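Asker: My questions will all concern the structure given below.
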Amino acid sequence: MRVGVVGAGGMGTHHARNLLERAQGVRITAVADADPGRARTLAELCGALRVYEDGRELVADPHVDAVVVASPDATHADYVLACVEAGKPVFCEKPLATRSGPARAIVEREVALGRRLVQVGFQRRYDPEFQALRRAVLEGAVGRPVLYRAWHRNVRAAYAPQSSAEVLANAGIHDFDELRWLSGQEVEVVHGVVGRTVDPSLPEDVFDLQLIHLGLQGGALALVELNLSAAYGYEVGVEVCGDRGSLTAGLPGGLMVRAEGGCGRRVPPDWLHRFEEAYAAEVVGWVDRVKRGDPWPDAWDGYVALVVAEACAEALATGRPARVVPEPRPSLYAAVR
Ligand code: ISE
């Protein structure tokens, strides 16, 4: 499979390396980046001969069979739509778009074509520990799940967010997808969101700490702590409380370290370390899934997570609950799995 990479920054480079080192039968033939120097550097690393400034030219290149989109968030939807129009499978870093409207347009295009071409980079679904937790929940280990308590703490944001809504669409989006995937249920209502600014360099109406209360179909509740300014390290975890027990994933594990007058486990510095295996598994999985025409998670998952992010932004802005209006899922897409 000849892959083109749009976006030669941190994630584009990470995915390209994983493809080269871990996937079978893949060549990277083209790289595009608005910064030509950066594009050339990644192209040299990958042995790609074709270099573009405009991702749309890469998508149109006949030497490219499938595309990885890892450019800035605001550009994702256009490149993904171009791939779908060209009939080329695409792996898109999350979020699928910055607003639900353009994500919906991608879904509609796929429905019109009758093909699922888009996979979205919700890497937590490929994390072995989260997968083990989900299996245990499905096997009934905790009885009927009634509460999901999730935390998502970053040392600092990967970018300087311009608004609280952006924090939700860029970072919270993982948590919304995780809840859908773990519970098999859609979010029905955002009961409330409160926030505050922790990082003093952010404008005071940009909340890098948000507490989000959600209600899922079937009645379970969820509490998400979204925190982009946790100075000590990167942590993502969830406790699933059922009526007969609870399961937790994401606690610091590995070696016990006694040093510097303390004793404990190491906390990873960032998502690349914490989700190293998951990032590799998702792109290797993508290559196999392209062959089977079965991307996972797909454009519908990318769209629905954005709808939830927008309902959270509304609840935060109004101080009132926001309903997530249920939408019929096109038959092209399977129920959340
Ligand atoms: C970043 O882009 C990621 O995808 C990380 O997984 C997430 O934890 C972080 O909040 C995002 O900014």
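The values are calculated or read from the model by the stated rules, or taken from the named source; none is laboratory data. This one's a predicted model, so the numbers in the text were calculated from it and none came from an experiment. We place every Cβ from the backbone using ideal geometry, glycine too, and count neighbours over all the protein chains shown. With ligands, DNA and RNA removed, areas are computed over all heavy atoms of the protein, side chains included. Shrake-Rupley method; radii C 1.70, N 1.55, O 1.52, S 1.80 Å.
Asker: Using modelled amide H (1.01 Å from N, peptide plane; none on Pro or chain starts), what sits under 5 Å from the amide H of Leu147, excluding residues fewer than 5 places away?
Answerer: Leu221, Cys241
Asker: Ignoring ligands, DNA and RNA, what accessible area per residue does the chain give at 1.4 Å, in Å²?
Answerer: Details: 14790 Å² over 337 residues.
Per-residue accessible area for the chain comes out at 44 Å².
Asker: With Cβ to Cβ distances under 12 Å as the rule, what net charge do the other residues near Pro89 carry (K, R +1; D, E -1)? Intermediate values should be presented prior to the final figure.
Answerer: Details: positive: Arg2, Lys88, Arg115, Arg116, Arg289, Lys291, Arg292; negative: Asp65, Glu110, Asp288, Asp294, Asp298.
Value of the local net charge: +2.
Asker: OK, next. Percent of accessible area on region 72-197 owned by carbon and sulfur, 1.4 Å probe? Let's see the in-between values first.
Answerer: On the way: 2400 of 4740 Å².
Looking at region 72-197 in its full context, I get 51 percent from C and S.
Asker: Between beta-carbons, use under 9 Å as the cut-off and find the net charge around Tyr148, counting Lys and Arg +1, Asp and Glu -1.
Answerer: Values: positive: Arg149; negative: Glu178, Glu239.
Once all neighbours under 9 Å are counted, the net charge is -1.
Asker: Something else now. Let me check against my output: what whole-number percent is the relative contact order of the chain, with C-alpha pairs under 8 Å and at least 6 apart?
Answerer: Working: 724 pairs, mean separation 66.7, N = 337.
For the chain, the relative contact order is 20 percent.
Asker: Taking the mean number of other Cβ atoms within 10 Å as a proxy for protection, how do you rank 175-183, 285-293, 100-108, 194-202 from highest to lowest? Intermediate values should be presented prior to the final figure.
Answerer: Working: 175-183: 24.1, 285-293: 15.8, 100-108: 19.9, 194-202: 13.7.
Per-residue mean Cβ counts within 10 Å order the peptides as 175-183, 100-108, 285-293, 194-202.
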